[in-house]
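The values are calculated or read from the model by the stated rules, or taken from the named source; none is laboratory data. Keep in mind that this is a model prediction, so the values were computed, not measured. Here the Cβ positions follow ideal geometry from the backbone for every residue, glycine too, while neighbour counts run over all protein chains shown. All accessible areas refer to the heavy atoms of the entire protein, side chains included, with ligands and DNA or RNA removed. Shrake-Rupley method; radii C 1.70, N 1.55, O 1.52, S 1.80 Å.
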Amino acid sequence: MLEGASGGGVKRLIFLSDDGEIAIDADESVSVMQAAKAHGVPGIDADCGGSMVCGTCHVYVLDDLRGTLPAPSDMEREMLEYVPDPHPEARLSCQLRVSDCADGMRFEVPHAQR
Ligand code: FES
């Protein structure tokens, strides 16, 4: 883990999209969605700003350590039933904290969002 300018930790997160692999150094104080938006990861639109009503922050968690993430809430689970290309490894990135992610964790942006 790197040390961030704000004094908080920073973790490397990797997104797979049409542009290939995009590695970002994300501040642990924010959500995965906020970090992806701040770094311009394509396909993470997050139209509702994290209110769990749009599904446009949807990602697939590719990492073997996905089981260490907090389980989705009932509301997140319900929302994930309505996204295009539902997938067992799908999560709403607005509901994932960078601090809960493994350093180097990998996410795929679903084709429908690219
Ligand atoms: S930003 Fe809308 S559901 Fe995550």
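The table below gives the values:
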| read-out | value |
| --- | --- |
| Residues (touching a Leu at 6+ places or on another chain (Cβ under 8 Å) and open to solvent by 10 Å² or more (accessible area, probe 1.4 Å)) located in the range 91-103 | Arg91, Asp100, Ala102 |
| Close pairs from the range 102-114: first touching a residue at least 12 places away in the same chain (Cβ under 8 Å), partner outside any loop (DSSP other than H, G, I, E, B) and of a type in the set (Phe, Trp, Tyr), Cβ under 7 Å, at least 6 apart | Phe107/Phe15; Phe107/Tyr60; Glu108/Tyr60; Val109/Phe15; Pro110/Tyr60 |
| Unmet requirement for Ser99, which otherwise passes all of (1) free of Cβ contacts under 8 Å to residues at least 60 places away in the same chain; (2) closer than 18 Å to Arg12 by Cβ | (1) |
| Scope the range 37-76; condition in a helix (DSSP H, G or I), more than 14 Å from the ligand (Cβ to nearest atom) and either closer than 16 Å to Ala26 by Cβ or in contact (Cβ under 8 Å) with a residue 60 or more places away in the chain (or both); matching residues | Leu65 |
